[in-house]
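Presented below is the structure to which this report refers.
Laboratory data are not the source of any read-out in this text; all were calculated from the coordinates shown. Everything numeric in this text was worked out from a predicted model, so none of it was measured. When we count neighbours, we look across all protein chains shown, and the Cβ atoms used for this are built from the backbone with ideal geometry, even at glycine.
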Amino acid sequence: MAMSEPGSIACDELRTFVDNRIGFVELNRPQALNALTLPMIRVMHAALDAWRADAGILAIVVYSPHPRGLSAGGDLRHLYDLSLRADVSAREQFFIEEYTLDYAIFTYPKPYIALMNGIVMGGGMGISLGAHRTGGLRVVTTSTQMAMPETRIGFFPDVGASWFLARTPGAIGQYLAVTGATIRAADALYAGLADVCIDEAALPALLERLRSEPFADGADVVDCIARAAATAPCDAARDPQCSSLAAARAWIDRHFGQRDVAHILASLEAERADGARDWAEEIVATLRERSPLAMAVSLDVVARAEGSMAECLRRDLDLTRSMFEFGDVVEGVRARIVDKDDHPQWRIARIEDVRSLDVDRMFVRPWSVETHPLRHLHG
C-alpha cells in the first residue's frame, strides 16, 4: 500500500483519491477485468473507513477508467491455487475481508455511487449493489453486462447478492441465481438491480462534472448523476418493461417458482406453449451444463435471504468453506478457468440425483456464534 498523492491511497491495481469533496475509487487491473485481489479490497476498505467520518467528503464514486468493465469478480485463480495448497486460512481471509467490505458499503453513511460500466459480475456486484442502500446510485450503461455466474464454476451467488436477488420481482432472483444468466441495463432496471442508466459515451463528461461542479452536500452529487442520466439516457431507461426479463417474466415465474432444481428442470422440459419452446430448450441446455449441487445450493441461498445483510454474509462465508471442501468449485475453476477444457466432472452428475440431504450439508455452520469471523457485522 502506498500514498500516490495527498489524500490518496493506492496499490498497483486500485487507487483512491479525493477530488472536489468526492472520494473516488478507481479500479485499475484491466488485464484481469479488475478481478478483486486482497490488496485491492484492503485499499478500498481503508479509504472508505478514512472518509466515513470526514465531513469534507460528501459522497463516494467507484468506477474503472477501462471500458471493458468495472469488475469481473474475485481472483478465482488465486483462490484455486490456495485450495490446491490446502491453505484454508488464507482462502477464508480473502472472503472475510471481501464480505466485510461489502457490508461496509451496504451500511455506508454517505451516498455511494457505483458506475457499473461493462462487465460487472461476482465480486463486482458486491461492491456495487449496496449503493442503493446509502442514498447513492447504481448506474448502468449501454455496455453493462451483469451476472452472478457462479453456478457455472460450481459456486453460488455470494457477496450478499442473495439479499438483492431475494427482493427482485417474482422468481427473477431464483432464475438469475440458478442459471447465472447475464443481463443488460434494461433487465437490471426492471429487476430493481440498478437505479439509472446513462449512455456509455457520456461517462467521461460525467466524471469531469463530478470533479468540477460545486456541491453543497451528498444529495447534490447524486442529483448531478441523475441529471446526467436524464440528459444522456440509454434506450433501456426509456422502457424497462421492454427488457428481455420482462418479456420472459411469465415463464420465469412459472418454472423458477418451483421448489427445487429437479422440479424446475421437469417444468421446463414439459414446456410446450407456443413461443416458449425455444426459450425453455435454451434454459434446459444451460442447466444441464451447470453444477447440479451448486444450482441447488444457489436456489436455497435466495430462499434463505429474507433476513438481514449481516446474516446473508455470514451464511455466504459458511458456504465458502463447504463449497470448497465438499462442492464443485475447485473442479469448476479448473475446467473453466485454469485448464479451460470446459468439461468439469461434477460430484453429482445429474440434477435429478441431488438430495435435500446433500444441500442441507452445505449449510452446516463451521463456527459458533461467538467465534464466527463475521460476528462483528450487526444484525
Checklist entry - What nm distance separates the two modelled labels at R52 and F363, each placed 7 Å from Cα along Cα→Cβ? => result 3.1 nm
Item to check | Sum of side-chain charges, E352 neighbourhood, beta-carbon under 13 Å (Lys, Arg +1; Asp, Glu -1) | outcome: -1
Checklist entry - If you check each cysteine of the chain for another cysteine whose beta-carbon is under 4.7 Å away, which ones come up empty? => result C11, C224, C242, C312
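Can you pull the semi-axes for the range 96-169, root of five times each eigenvalue of the Cα gyration tensor, sorted largest first, whole Å? Let's see the in-between values first.
Details: eigenvalues 71, 50, 24 Å².
Sorted largest first and rounded, they come to 19, 16, 11 Å.
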Checklist entry - Percent relative contact order of the chain, based on C-alpha pairs within less than 8 angstrom and at least six residues apart? => result 16 percent
Item to check | Mean projected area (nm²) of the alpha-carbon convex hull when the range 150-216 is viewed from all directions | outcome: 6.6 nm²
Checklist entry - For helix 309-326, what angle does its Cα long axis make with the longest principal axis of the chain, in degrees from 0 to 90 and rounded to 10? => result 50 degrees
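Per residue, what volume in Å³ does the convex hull of the Cα atoms of the range 32-125 enclose? Provide the component values of the computation, followed by the final result.
Details: hull volume 8.5 nm³, N = 94.
Enclosed volume per residue, from the Cα hull, is 90 Å³.
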Checklist entry - Taking every DSSP beta bridge that has both residues in the chain, what percent is antiparallel when rounded to the nearest 5? => result 35 percent
Checklist outcome for this item: Here the averaged projected area of the chain, based on the convex hull of its alpha-carbon atoms and given in nm², is 18.2 nm²
Next on the checklist: As I understand it, the value is the acute angle between the Cα axis of helix 203-212 and the longest principal axis of the Cα atoms of the chain; what does it come to in degrees, rounded to 10?
Outcome noted: 40 degrees
